[in-house]
1. Taking the chain as a Gaussian network, Cα atoms linked when under 10 Å apart, which of MET288, MET134, MET35 shows the biggest mean-square fluctuation?
2. Given H placed on each backbone N at 1.01 Å, which residues far from ILE297 in sequence or on other chains put an amide H within less than 5 Å of it?
3. Put a dot 7 Å past each Cα toward the Cβ at GLN216 and LEU56; how far apart are the dots in nm?
4. Going through the range 52-145, which GluC sites (Glu not before Pro) have at most 11 other Cβ atoms within 10 Å and a DSSP loop state?
5. Quick one: Karplus J couplings for the range 165-174, per residue in order, coefficients 6.51, -1.76, 1.60, θ = phi - 60°, nearest Hz, x for Gly and Pro?
6. Given a Förster distance of 41 angstrom, what is the FRET efficiency for THR144 paired with GLU16, based on the Cβ-Cβ distance and rounded to 0.05?
7. Could you name the lysines in cross-link range of LYS185, using Cα to Cα under 19 Å and dropping any fewer than eight places away on the same chain?
8. How about the range 1-43: which trypsin sites (Lys or Arg not before Pro) there lie in a loop by DSSP and see at most 12 other Cβ atoms within 10 Å?
Amino acid sequence: MEDQKTSILKILKKAEEDAVSGEYIGTVLKISRTMVWKHIKLLQKQGYPISSKPKLGYSLEYTPDNLYAENLLSELETEILGKKILYYKETNSTNDVAKKIANIEKEGTVIVSETQKKGRGRMGKVWYSDLGGMWLSVILKPRTSIVNSSRITLISGIAVARTIRSFGLDASIKWPNDILINGKKVCGILTEIGAELDQLEFVVVGIGINVNNDIQDLGDEELRKNSTTLKKELGYPIKKIDLFRVLLNNLDQYYIKFKSQPFQSILQEWTELSDTIGKEVSISAPNMSIVGKAINITERGSLVVQTKDSGTQEVIAGRCNYETKQRK
Ligand code: BTN
């Protein structure tokens, strides 16, 4: 059940700045006008620009760009994702929070934080998570075997790339799960799982998007050189609440597709959005390194690389670098 503060916000947003009477809100939510007034006071205290007009009622002057749970919840029209949202001003890592509560929370719960003190990237790297970025984790519980977990990473990549594209930017996916704009990384995805024998108990999809945060705050020189933000690419800051709405709706849709459609069609879409297929790559992982041309992606999320001397090879995980010399 949606909480009353969220429902009130939803009603006010739907009215688009028009005034809505306390009586109407009370009737819809089956609560007294005094209760409505109490919730409105609380929302105003949190900074929501709600004005109260005598005889007319309450109106929300604009949607504030905060990531508070009720503000996010009142934006969504999803089927599975985001029915519950946990907001943090600061936490160590939203993935850590998600993993801790995954067994007791229902599928689709989202953890979002304004900053992370110990944001984590793939392969044990630090993920710089200053104010202005979008740092969130989603708890999923697909009833399927472990081997399918990389499919969740692939659909997440598609959802993020599609989201960024809807803001007019040319986002593409670098295998396995970096989102690039003009060759620079704007988002990373860290998928972590909990499993019992061969069955997935939960999948935590951690998504970090550089939105309005400052490139200068990103770790070392190398990282700054290879990273970008949505603000930098667009030339102006974007409302994180808008980004969140589109992202969650897209993730929800692709998750439903993953559950209901043959994976082949999703792979096709991943390939179309891929920046990697067709490029000369070098893949490195502990104990191995492969150089060749990336030619395909498999149903298990492995990259198929055509090497010069050892035929085609499938790589399930690793760091992917583009060779400076690209064959035509
Ligand atoms: C990568 O490209 O290395 C993956 C980066 C993933 C970062 C996100 S931010 C939200 C979530 N919490 C974390 O600690 N990491 C992920």
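1. So, out of MET288, MET134, MET35, the one fluctuating most is MET288.
2. Residues meeting the criterion, in which the H sits 1.01 Å from N, are VAL304.
3. About 4.4 nm, to one decimal.
4. Values: sites: GLU61, GLU70, GLU75, GLU77, GLU79, GLU90, GLU105, GLU107, GLU114; in loops: GLU61, GLU75, GLU77, GLU79, GLU105, GLU107.
For GluC sites (Glu not before Pro) across the range 52-145 that sit outside H, G, I, E and B with at most 11 neighbouring Cβ atoms in 10 Å, the list reads GLU61, GLU77.
5. Rounded to whole hertz, the list is 4, 5, 9, x, 10, 8, 7, 9, 10, 9.
6. Step by step, r from the Cβ atoms, then E = 0.50.
7. LYS125, LYS174, LYS225, LYS231, LYS232, LYS240, LYS279
8. On the way: sites: LYS5, LYS10, LYS13, LYS14, LYS30, ARG33, LYS38, LYS41; in loops: LYS30.
Those that pass, being in a loop and sparsely packed, are LYS30.
Each value in this text was obtained by applying a stated rule to the coordinates, not by laboratory testing. Only a predicted model underlies this, so the values are computations on that prediction, with no experimental measurement involved. Neighbour counts are summed over all protein chains in view; Cβ atoms, including those assigned to glycine, are modelled from backbone coordinates with ideal geometry.
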